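The numbers here are math on the coordinates, done by the rules we state, and not lab data. What you see is a predicted model, and the numbers here were worked out from it, not measured in a lab. FYI the Cβ positions are ideal-geometry reconstructions off the backbone, even for glycines, and counts take in every protein chain you see.
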């Protein structure tokens, strides 16, 4: 029973990571569409801004994934022994 907080913490971290990645995916997809639309309109300044946001979203996805990987590696696993 004493490993319950660790499991709950790991579960919550996995869920949070999943939710953040899903949200970032929606932002990423919409920014790509916006970039295409702005390019067609010839709005170069706005295209540059959209590209910057896309780059930052990619970076956030990486950081979230890496943070999750580090957290699960550091979470102590307790065996079910006595």
In vacuo Debye sum over C-alpha of the stretch 4-72, base-10 log of normalised intensity I(q)/I(0) at q = 0.20 Å⁻¹, listed in q order, is -0.78
Just grab the label-to-label distance for residue 60 and residue 19, each label 7 Å out from Cα along the Cβ direction, in nm (one decimal).
-> 1.5
